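Engineer: Below is the structure I would like to discuss, written out as structure tokens.
The values are calculated or read from the model by the stated rules, or taken from the named source; none is laboratory data. Here the structure is a predicted model, which means the values were calculated and not measured. Here the Cβ positions follow ideal geometry from the backbone for every residue, glycine too, while neighbour counts run over all protein chains shown.
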Amino acid sequence: MKITIVIPCFNESESLSKLIEALKSVDSSFKFIIVDNGSTDNTQEIISLLDIPNNIEFIKKEINTGYGAGIKYGLKRVKSEYAGWMHGDLQQDPHVLLNAKTLMESFKDQGINELMAFKGLRTGRSIKENLFTTGVALLSSALFINYFWDMAGQPTIFKTSILTFLDNAPDDHNFEFYVYINFLSKKGTFKRFNAPFLKRKFGVSSWDKGFRSKLNHAKSVFKYLIKLRFNS
């Protein structure tokens, strides 16, 4: 079972060496494509100094056009049967991918088709983070008359052959909500695995800079969900 994981990184030079070390100790059946998503820090300099194994590939996207754009850019290089993505800021230990693989292997006998995907369920998050997730889940569940939870959970793994539906996905952070909702609308199902969420050790969030930024982000997400619901 070969799985490629795309990891978009924007100005994450502080954590790159730790990320590489963590990825080295993950099952060798995984390949990683790390996308320098238009970074403006010394990411490229750090990359040149690292000892990078054969199952890790670095590619550079010259201009940052968004989180989702970075993932789509990396997915174009995938050749394995399964493909997915996760964050590169080490708020999740890459070893959670082993939880995903164990779950995937439990379905091997009955077969994994294009309408089955695997998605991390984030645990260990703060009350504030869970409040935001709950608000998004309640609104989206009501809008789409469905049960939604932890829509932006990481990592996410699909059969590569179905990922053409991402062609119309947004380039920003709304990418995750588009993926979740559109996949379910295709009668797809997410099988969830435990993926603990850790406190960020390096760098700063591109959007989470306090209560006001959380509020603005929530407004942006809610506006997008409403647009997605009534334009579908």
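Engineer: Condition test on ILE33, is it touching a Leu at 6+ places or on another chain (Cβ under 7 Å) and buried (at least 18 other Cβ atoms within 10 Å of the Cβ)? Quick ask: steps written out before the conclusion?
Structural biologist: On the way: touching a Leu at 6+ places or on another chain (Cβ under 7 Å): no; buried (at least 18 other Cβ atoms within 10 Å of the Cβ): yes.
No: the conditions fail for ILE33.
Engineer: Determine whether ASP167 is on the phi < 0 side of the Ramachandran plot, surrounded by fewer than 20 Cβ atoms within 10 Å (Cβ to Cβ) and outside any helix (DSSP H, G or I).
Structural biologist: Numbers: on the phi < 0 side of the Ramachandran plot: yes; surrounded by fewer than 20 Cβ atoms within 10 Å (Cβ to Cβ): yes; outside any helix (DSSP H, G or I): no.
Spelling it out, it is not the case that ASP167 is on the phi < 0 side of the Ramachandran plot, surrounded by fewer than 20 Cβ atoms within 10 Å (Cβ to Cβ) and outside any helix (DSSP H, G or I).
Engineer: Out of the residues in the range 209-225 that are within 15 Å of VAL179 (Cα to Cα) and touching a Leu at 6+ places or on another chain (Cβ under 9 Å), state the one that is modelled with the highest pLDDT. Don't jump to the end; show me each part of the working.
Structural biologist: Let us first name the residues in the range 209-225 that are within 15 Å of VAL179 (Cα to Cα), namely 221, 224-225.
Applying the additional criterion that residues be touching a Leu at 6+ places or on another chain (Cβ under 9 Å) yields 221, 225.
Values: VAL221: 91, LEU225: 94.
The extreme case among them is LEU225.
Engineer: Right, here's the next one. Somewhere in the range 27-38, is a residue part of a loop (DSSP other than H, G, I, E, B), touching a helix residue (DSSP H, G or I) at 6+ places or on another chain (Cβ under 9 Å) and modelled with pLDDT of 95 or more?
Structural biologist: Yes, some residue in the range 27-38 is part of a loop (DSSP other than H, G, I, E, B), touching a helix residue (DSSP H, G or I) at 6+ places or on another chain (Cβ under 9 Å) and modelled with pLDDT of 95 or more.
Engineer: Checking the condition in a loop (DSSP other than H, G, I, E, B) and either modelled with pLDDT of 95 or more or within 16 Å of the chain's Cα centre (by Cα) (or both), which residue from ASN64, ASN54 passes? Don't jump to the end; show me each part of the working.
Structural biologist: Values: ASN54 fails: either modelled with pLDDT of 95 or more or within 16 Å of the chain's Cα centre (by Cα) (or both).
Being in a loop (DSSP other than H, G, I, E, B) and either modelled with pLDDT of 95 or more or within 16 Å of the chain's Cα centre (by Cα) (or both) holds for just one of ASN64, ASN54, which is ASN64.
Engineer: Among VAL26, VAL35, which is touching a residue at least 40 places away in the same chain (Cβ under 8 Å) and either among the charged types (D, E, K, R) or at negative phi (or both)?
Structural biologist: Values: VAL35 fails: touching a residue at least 40 places away in the same chain (Cβ under 8 Å).
Sole residue among the options that is touching a residue at least 40 places away in the same chain (Cβ under 8 Å) and either among the charged types (D, E, K, R) or at negative phi (or both): VAL26.
Engineer: Conditions first: (1) outside any loop (DSSP other than H, G, I, E, B); (2) surrounded by fewer than 20 Cβ atoms within 10 Å (Cβ to Cβ). GLN110 passes all but one, so which condition is the exception?
Structural biologist: (1)
Engineer: Just one of LEU115, LEU98, LEU75, LEU103 is buried (at least 18 other Cβ atoms within 10 Å of the Cβ) and over 30 Å from LEU215 (Cβ atoms); which is it?
Structural biologist: Values: LEU115 fails: buried (at least 18 other Cβ atoms within 10 Å of the Cβ); LEU98 fails: buried (at least 18 other Cβ atoms within 10 Å of the Cβ); LEU103 fails: buried (at least 18 other Cβ atoms within 10 Å of the Cβ).
The unique qualifying residue is LEU75.
Engineer: Still on this structure, I have one more. Which of (1) farther than 27 Å from ALA22 by Cα; (2) in contact (Cβ under 8 Å) with a residue 40 or more places away in the chain does ASN146 not meet, given it meets every other one?
Structural biologist: Failed condition: (2).
Engineer: Name the pairs: first residue in the range 192-205 and under 17 Å from CYS9 (Cα atoms) and modelled with pLDDT of 95 or more, second residue exposed (fewer than 14 other Cβ atoms within 10 Å of the Cβ) and among the β-branched types (Val, Ile, Thr), Cβ to Cβ under 7 Å, at least 6 apart or on different chains?
Structural biologist: Pairs found: none.
Engineer: Condition test on ASN174, is it under 29 Å from LYS79 (Cβ atoms) and either in contact with a Pro (Cβ under 8 Å, 6 or more places away or on another chain) or surrounded by fewer than 17 Cβ atoms within 10 Å (Cβ to Cβ) (or both)? Steps first, answer last, please.
Structural biologist: On the way: under 29 Å from LYS79 (Cβ atoms): yes; either in contact with a Pro (Cβ under 8 Å, 6 or more places away or on another chain) or surrounded by fewer than 17 Cβ atoms within 10 Å (Cβ to Cβ) (or both): no.
In short, no.
Engineer: So which of LYS18, LYS72 ends up being in a helix (DSSP H, G or I), in contact (Cβ under 8 Å) with a residue 40 or more places away in the chain and over 24 Å from GLU114 (Cα atoms)? Walk me through it before giving the result.
Structural biologist: On the way: LYS72 fails: over 24 Å from GLU114 (Cα atoms).
Answer to the selection: LYS18.
Engineer: In the range 1-15, is there at least one residue being touching a residue at least 40 places away in the same chain (Cβ under 8 Å), in contact with a His (Cβ under 8 Å, 6 or more places away or on another chain) and not in a strand (DSSP E or B)?
Structural biologist: No; the residues of the range 1-15 include none that is touching a residue at least 40 places away in the same chain (Cβ under 8 Å), in contact with a His (Cβ under 8 Å, 6 or more places away or on another chain) and not in a strand (DSSP E or B).
Engineer: LEU90 passes all but one of (1) on the phi > 0 side of the Ramachandran plot; (2) part of a helix (DSSP H, G or I); which number fails?
Structural biologist: For LEU90, the failing item is (2).
Engineer: Charged (D, E, K, R), out of contact with any strand residue (DSSP E or B) (no Cβ under 9 Å at 6 or more places or on another chain) and at pLDDT 95 or above - does that describe any residue in the range 81-88?
Structural biologist: Going through the range 81-88, the residues charged (D, E, K, R) turn out to be 81.
Adding the requirement that they be out of contact with any strand residue (DSSP E or B) (no Cβ under 9 Å at 6 or more places or on another chain) leaves none.
No, the conditions are met nowhere in the range 81-88.
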